[in-house]
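Before any comments, here is the structure.
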Amino acid sequence: MKSGDRVTFSFAKKEMEGTVDRIFDKTIYIRADMPHQKGKIIKRRVRDVKA
């Protein structure tokens with residue numbers, strides 16, 4: 001997994017899709033479009049994200 005990849009993650013009991021913004025050893029920052037916030041940054045653990 002690297003910056004710019006499309007990933008799916010859980011948010012509010014549903015699956016959402018976003019792009020990887022930054023990635024570290026155990027943490028990943030995802031840029032996703034929420035209904036009222038375009039380009040929101042979400043922090044998740046690497047093991048919780050599906051590539």
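Values in this text are rule-based calculations from the coordinates and carry no lab data. Here the structure is a predicted model, which means the values were calculated and not measured. Reconstructed Cβ throughout: ideal geometry from the backbone, glycine too, with neighbour counts over all protein chains shown.
Over all other residues within a Cβ to Cβ distance under 9 Å of GLY39, the charged ones net out to +2, with Lys and Arg as +1 and Asp and Glu as -1.
Karplus-based coupling profile of the range 21-33, in residue order and whole Hz: 9, 9, 9, 10, 4, 10, 10, 10, 10, 10, 9, 10, 9, with θ = phi - 60° in 6.51 cos²θ - 1.76 cosθ + 1.60 and x standing for Gly or Pro. When peptides 1-14, 29-42 are sorted by average Cβ neighbour count within 10 Å, with the highest value leading, the order is 29-42, 1-14. Taking θ as phi - 60° and the Karplus parameters 6.51, -1.76 and 1.60, the scalar couplings of the range 5-19 work out to 6, 8, 9, 10, 8, 8, 8, 6, 6, 9, 8, 10, 10, x, 10 Hz in sequence order, x denoting glycine and proline. So I have [x] 17.3; [y] 10.8; [z] 13.7, and one of them is Kirkwood radius over Cα pairs in Å calculated from this model. Which one is it? Calculated Kirkwood radius over Cα pairs in Å: the matching label is [y].
The charge dipole of the range 1-49, taken about its Cα centre with unit charges on the Cβ atoms of Lys, Arg (+1), Asp and Glu (-1) only, comes to about 160 debye. Database remark: amide H of MET34 closer than 5 angstrom to the amide H of GLY39, LYS40 (H placed geometrically; neighbours at sequence offset of 5 or more, or on other chains; Pro and chain starts carry no H).
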